[in-house]
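Have a look at the structure below before the remarks.
Only the coordinates and a few stated rules stand behind these numbers; no lab work does. Predicted, not measured: the structure shown is a model, and the values here were computed from it. As a convention, Cβ positions derive from the backbone with ideal geometry for all residues, glycine included, and neighbour counts pool all protein chains shown.
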Amino acid sequence: MDITLRSAAEQAAAVASSEISATELLEKTLERYERLNPPINAIISTQLDVARARAKAADEATAAGESWGPLHGVPMTIKESWDWVGSASTSGHPELIDWRPEENSEAIDRLLNAGAIIYGKTNLPVSMADWQTFNPVYGSTGNPWNHEYTPGGSSGGAAAALAAGLTALELGSDIGASIRNPAHYCGVFGHKPTFGLVPITGHGNPGSPTMLDIGVGGPMARYATDLTLGLDIVAGAGGLDARGWRLELPEPRQT
C-alpha cells in the first residue's frame, strides 16, 4: 500500500524503523497534495518551509535515537479555525485574512509535541456554521469522491483531505455534527469528544470572550484506530482547568 494511505500509527512506525524518513514521507504527501488538492480545494493554506525544516529536524532526532512522540515524523493538516503561528485563522471571514495568532492553540501544541509535522490548514464554512464548505475567503471545497458534491461541514476540508490521502490525521471541531457530518459524507472517521475533554483555547474567531457552549475539538482519521491515537494526544485539562481536574480514560473496549 502507498505509505501516504497508511494509518498515522503505521506512518509513525515506518519513520521510527527507518523504512522511510520524515522528509521522504512529507514529500510523498506533498506530491499528492499538489496533484489532488487543486480540484477539491480541501487544503487552503500551507507553511511548507516550516514543515520541511521540522521534518529535517525529526530525521536528525531519529538518527540520534530520539523520538518526539507517537506522531514523530507524521505529516498532517488541521482545520483552519485552530490557531497555528504563521497562518491566518479567519473562520471564513474576509476581515480576518491578515490576522495572525501570536501563539498556537493548546491542542495544536500537543500535536506538535507528539511529533506531528503540520503542513497546512483545511477549509470550512463561515463561522463553522454550515453542513457544506464554502466561504468568501477560500471558496468552495468539493467531495473527493465526486467533485460536484459537498464534503459536508463544517470540518469539510478536513474530511476531504483525509479521503484524498492528503493527511492521515486531522483535528476538527464540532457543535452540531461539524465533525460527524463531513466524516459521513466523505467516508472517513470522526469523534466528537465530551465537552471540555479537549482544550479549545485558540479556536474560532479571535476576541471571543467565552467558549462556545458544547463546542468541542476532536480527531478525524481514515482509520478508526487513529481516533484513539489522536484523542490520547489532544485530550486533557488545559490552562486553568488543569488545576481542577485530570483525565484518566480507560482503554477502549472495542475499536
Neighbouring Cβ atoms within 10 Å as the yardstick, rank GLU102, GLU66 fewest first. GLU102, GLU66
Once the in-chain neighbours fewer than 8 apart are removed, the lysines whose Cα is under 25 Å from LYS192 read LYS79, LYS121
Straight-line reach from LYS56: which aspartates and glutamates fall under 12 Å, measuring Cα to Cα and dropping same-chain residues less than 8 apart? GLU24, GLU27
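With both partners inside the chain, how many of the DSSP beta bridges are antiparallel, as a percent to the nearest 5? Working shown, then result.
Numbers: 15 of 20 bridges.
The antiparallel fraction comes to roughly 75 percent.
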What residue among HIS93, ALA16, ASN143 has its Cα farthest toward the positive end of the dipole of the chain, where the charges are +1 on Lys, Arg and -1 on Asp, Glu, each on the Cβ? ASN143
Ranked from fewest to most other Cβ atoms within 10 Å of their own Cβ, TYR138, TYR33 fall in the order TYR138, TYR33
Rounded if a/c is under 1.5, else prolate if a/b is larger than b/c, else oblate: which is the stretch 1-64, with a ≥ b ≥ c the root eigenvalues of its Cα gyration tensor? oblate
Taking every DSSP beta bridge that has both residues in the stretch 1-129, what percent is antiparallel when rounded to the nearest 5? 40 percent
Give the aspartates and glutamates reachable from LYS28 as a straight Cα distance under 17 Å; neighbours fewer than 8 places away on the same chain don't count. ASP2, GLU10, GLU19, ASP49, ASP59
Treating only Lys and Arg (+1) and Asp and Glu (-1) as charged, each at its beta carbon, one finds that the chain has a dipole about its Cα centre, in Debye to the nearest 20, of 360 debye
